[in-house]
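The values are calculated or read from the model by the stated rules, or taken from the named source; none is laboratory data. This is a predicted model, so every value here is computed, not measured. Glycine also receives a Cβ, built like all others from the backbone with ideal geometry; neighbour counts cover every protein chain displayed.
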Amino acid sequence: MSEVNTEKFMHDMRAVVIDAEELLKATASQTGERVEKLRARAEESLQAARERLLQAGENFGPTAREAVRHVDNQVHLHPWATAGIAAGIGVLLGVVIGRR
């Protein structure tokens, strides 16, 4: 389950990087010493984030895909057990949410 969350996190981080790049481009016409310093720091942070995303993707990508394949295979091999577990989790969540 955490591998799937890791993939979602990686996707979200890529979106943040893309948005930050677009923001830097949109503010390119802004001038001033303070703005230039902020842009330089943002560009450095963005570059570091890009590098970390590439490294994390290389490290977690295959593991996450393998975990998803394994879960998918188990669901296909044991559909009734999967449905029972999902129903049980649903009931537990319903009880917990209902008490609030």
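Structure notes:
- Residue within region 50-60 that is surrounded by 10 or more Cβ atoms within 10 Å (Cβ to Cβ), over 26 Å from residue 8 (Cβ atoms) and not charged (D, E, K, R) present: no
- Within region 80-90, the residues that satisfy the criterion of being hydrophobic (A, V, I, L, M, F, W, C) and either modelled with pLDDT under 85 or surrounded by 10 or more Cβ atoms within 10 Å (Cβ to Cβ) (or both) are 81, 83, 85, 86, 87, 89.
This table checks each residue for (1) in contact (Cβ under 8 Å) with a residue 12 or more places away in the chain; (2) under 27 Å from the mean Cα position of the chain (by Cα).
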residue: 16; (1), (2): yes, yes
residue: 21; (1), (2): yes, yes
residue: 25; (1), (2): no, yes
residue: 40; (1), (2): no, yes
residue: 90; (1), (2): no, yes
residue: 99; (1), (2): no, no
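- Which listed residue is exposed (fewer than 10 other Cβ atoms within 10 Å of the Cβ) and in a helix (DSSP H, G or I), from 14, 34, 41: 34
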